[in-house]
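Heads up, the thing below is written out as structure tokens.
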Amino acid sequence: MKLKGTKQPKQSKHLTQKTPTFLLELPLRVEVDQAKRLRAHLEAGRQFYNAVLSEGQRRLRQMRADPRWQAARAIPRSRKQERRVAFLRLREQYGFSEAALHAVAKRLRTTWIAEHIEAVLAQTLATRAYRALNRVCVGQATRVRFKSRERGLDGIENKRNDTGLRFVLQKPEEGHQGYLIWQEDTLPAFIAWNDPVVKHGLDHRIKYARLMRRPASSARAHGADCQGERYYVQLVLAGVPYHKPKHSVGTDTIGLDLGPSTIASVPREGEARLEQFCEELVPDEQAIRRLQRQMDRKLRAANPDNYDEKRRSKKGGKHKLVGKTRNSYQATRRRKA
């Protein structure tokens, strides 16, 4: 859908120079039918991501099972070029690269998946899967995590802003509104133009847009759909973020010593201080335990057959116990999260 009076920056095909990047997040106003289509799109993206991740994991396991993989690992790190060439040949042979997974994405994007996921979005999901697998390949992670239906896919992004999932901004004389466009849906964004952070961000070029989905406290929360979820658009902008005047930049030299739970600061002029590291982020253990007990009571009330007369959990044995959850349990679970 093309909006009249919208402003879309031109994308250069030969833009290779990296520029500074910052994010701006705006809430979206989503109607009931639009939320239903967005959930269908994200569910298709979840299944597509899992399919690409599964194929990439199969190739990674085959590559690491090859005896030449162990031979490449045995090459001393001082012989960087030889070691790099050995691993590169294995990657090329087994098709373990970002370009190879893009080809897999092109092959898997057929039938009903193509109705929900455009080609560019399929490439970004394939890149996401490759990065997760590559972390396992280079030893930065032990395994990859598939997206379950319960967890879902909470975000999807484009890599350009002139087609597919894109954000358009109207001119001031046309209303100065912003919209996230994806296929047949046009989702208006809440823009607070009196906020200098928002105005500063929208004055910069938009590289691409990212759709985000987050759980709300309940389905009756402001801006939430019938399943208790809110939708946002993250704009990836070219430039540097807004610097608030109240956050002044100092010029003194300070020495810092980071510990597991404390941080010591020693300024050149002034008193030394020892503080708890990230004190404002320390979790409230008492509140968490209170919510956990509340969740346990709700779970027991909804599944009385899963517990014996001493309120102990029964063993499933050959027949797996099935637990039911109520809406109040899910609301308490979201508060705990």
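Brief remarks follow.
- Filter result for the condition that a residue is open to solvent by less than 70 Å² (accessible area, probe 1.4 Å) and of a type outside the set (Val, Ile, Thr), over Leu281, Leu291: Leu291
- Segments classed as strands (runs of 3 or more DSSP E), wholly inside region 212-311, with at least 2 members that are more than 25 Å from the chain's Cα centre (by Cα): 254-258, 262-267, 273-276
- Ala65 being of a type in the set (A, V, I, L, M, F, W, C) and in contact (Cβ under 8 Å) with a residue 60 or more places away in the chain: no
- The residue of region 147-159 that is least open to solvent (accessible area, probe 1.4 Å), among those that are over 21 Å from Glu55 (Cα atoms) and either in contact with a helix residue (DSSP H, G or I) (Cβ under 7 Å, 6 or more places away or on another chain) or among the aliphatic types (A, V, I, L, M) (or both), is Asn158.
- Only one entry of Val136, Val144 meets the criterion of being open to solvent by less than 20 Å² (accessible area, probe 1.4 Å) and part of a loop (DSSP other than H, G, I, E, B), and that entry is Val144.
- Meets criteria (among the hydroxyl-bearing types (Ser, Thr, Tyr), open to solvent by 40 Å² or more (accessible area, probe 1.4 Å) and either touching a Phe, Trp or Tyr at 6+ places or on another chain (Cβ under 7 Å) or closer than 23 Å to Ala337 by Cα (or both)) for Ser261: yes
- Residue match in region 180-194 (condition: of a type in the set (Val, Ile, Thr), in contact (Cβ under 8 Å) with a residue 12 or more places away in the chain, more than 19 Å from Pro20 (Cα to Cα) and assigned to a loop (DSSP other than H, G, I, E, B)): yes
- With respect to the conditions (1) of a type outside the set (Val, Ile, Thr); (2) open to solvent by less than 30 Å² (accessible area, probe 1.4 Å); (3) at pLDDT below 95, Asp252 falls short on a single one, namely (2).
- Candidate set from region 160-202 (those that are acidic (Asp, Glu) and surrounded by 13 or more Cβ atoms within 10 Å (Cβ to Cβ)); member that is modelled with the lowest pLDDT: Glu174
- Candidates Arg273, Arg289, Arg335, Arg268 - the one that is within 30 Å of Glu31 (Cβ to Cβ) and not hydroxyl-bearing (Ser, Thr, Tyr): Arg335
The values are calculated or read from the model by the stated rules, or taken from the named source; none is laboratory data. In this text, all values refer to a predicted model and were calculated from it rather than measured experimentally. Don't worry about glycine lacking a Cβ; one is built from the backbone with ideal geometry, like all the others, and counts go over all protein chains shown. Side chains are part of the model used for accessible areas, which takes the heavy atoms of the whole protein and leaves out ligands, DNA and RNA. Shrake-Rupley method; radii C 1.70, N 1.55, O 1.52, S 1.80 Å.
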